[in-house]
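A quick write-up on the structure given underneath.
The values are calculated or read from the model by the stated rules, or taken from the named source; none is laboratory data. On a predicted model such as this, the values are computed, not experimentally measured, just so you know. We place every Cβ from the backbone using ideal geometry, glycine too, and count neighbours over all the protein chains shown.
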Ligand SMILES: Cc1cc2nc3c(=O)[nH]c(=O)nc-3n(C[C@H](O)[C@H](O)[C@H](O)COP(=O)(O)O)c2cc1C
């Protein structure tokens, strides 16, 4: 049986993102999945990594987040909210993230969830990352809304290429070993339309909700974002000249 974790990074369950996450849950339940949820805002998830999460550690030498995570993982005493999220990630076969673009990036609460939950020593280490990541049997999908139009989010659009805006979050998951499906993006989602334009938007969003059953049904065969293999890099961690580059984030010499 498949277990799907849905992570929602939006403050309002009645927003389109909230309703879209519910559509994902309904679709997965229809497929017989076990569904786990992390609605980060309504859970009150604290996205700020800091010393107070680690009262058992002495802070004589200041707060080193990587060491705090590593030591706590070794002692089996990571913060309980982090442990709960790690448990969900370990159980999940697939993870679907629902979020809007806020200031050219996912909302800060999702970045904070990455900062705290993807704990060093628990979910990754120098020996367990990228091709050797713990989660290499798992696949993730970003379901994303933008306020901007599709044309404005294109590779030459004035809002910046949405594929590049999502790349750091996708690469975070790739670091843990995940395959990351090509994102599902719905553009032009905002409350400023009136009249016919508002009706058109509502029709488009209703169609997107209906399409979620197909998206989750075809999840396994959905194409993935290409990333370089570990062997594409030289001993200094630089892309070898005869290897492909898949993103402007890791590119060949001009
Ligand atoms: C703080 C904030 C920043 C935003 N920044 C962007 C942005 O950089 N690019 C964009 O296309 N839309 C931006 N938007 C618009 C949101 O993407 C849009 O409101 C959201 O996708 C609508 O989905 P919802 O109805 O589920 O909230 C921003 C909205 C907020 C509240």
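Couple of notes before you dig in:
- Single residue of 73, 84 found to be surrounded by 14 or more Cβ atoms within 10 Å (Cβ to Cβ), over 16 Å from the mean Cα position of the chain (by Cα), touching a residue at least 40 places away in the same chain (Cβ under 8 Å) and not in a strand (DSSP E or B): 73
- Among the residues making up region 176-193, those that are within 16 Å of the ligand (Cβ to nearest atom) and on the phi < 0 side of the Ramachandran plot are 183, 184, 185, 186, 187, 189, 190, 191, 192, 193.
- Residue list for region 88-111, filter: out of contact with any strand residue (DSSP E or B) (no Cβ under 9 Å at 6 or more places or on another chain) and either more than 15 Å from the ligand (Cβ to nearest atom) or free of Cβ contacts under 8 Å to residues at least 40 places away in the same chain (or both): 90, 102, 103
- Enumeration of residues in region 128-151 that are more than 16 Å from the ligand (Cβ to nearest atom) and under 29 Å from residue 205 (Cβ atoms): 138, 139, 140, 141
- Selection status of residue 215, within 16 Å of the ligand (Cβ to nearest atom) and either at pLDDT 95 or above or not assigned by TED's automatic domain parsing to the domain that holds residue 242 (or both): no
- Some residue of region 196-211 being surrounded by 11 or more Cβ atoms within 10 Å (Cβ to Cβ), in contact (Cβ under 8 Å) with a residue 60 or more places away in the chain and not in a helix (DSSP H, G or I): no
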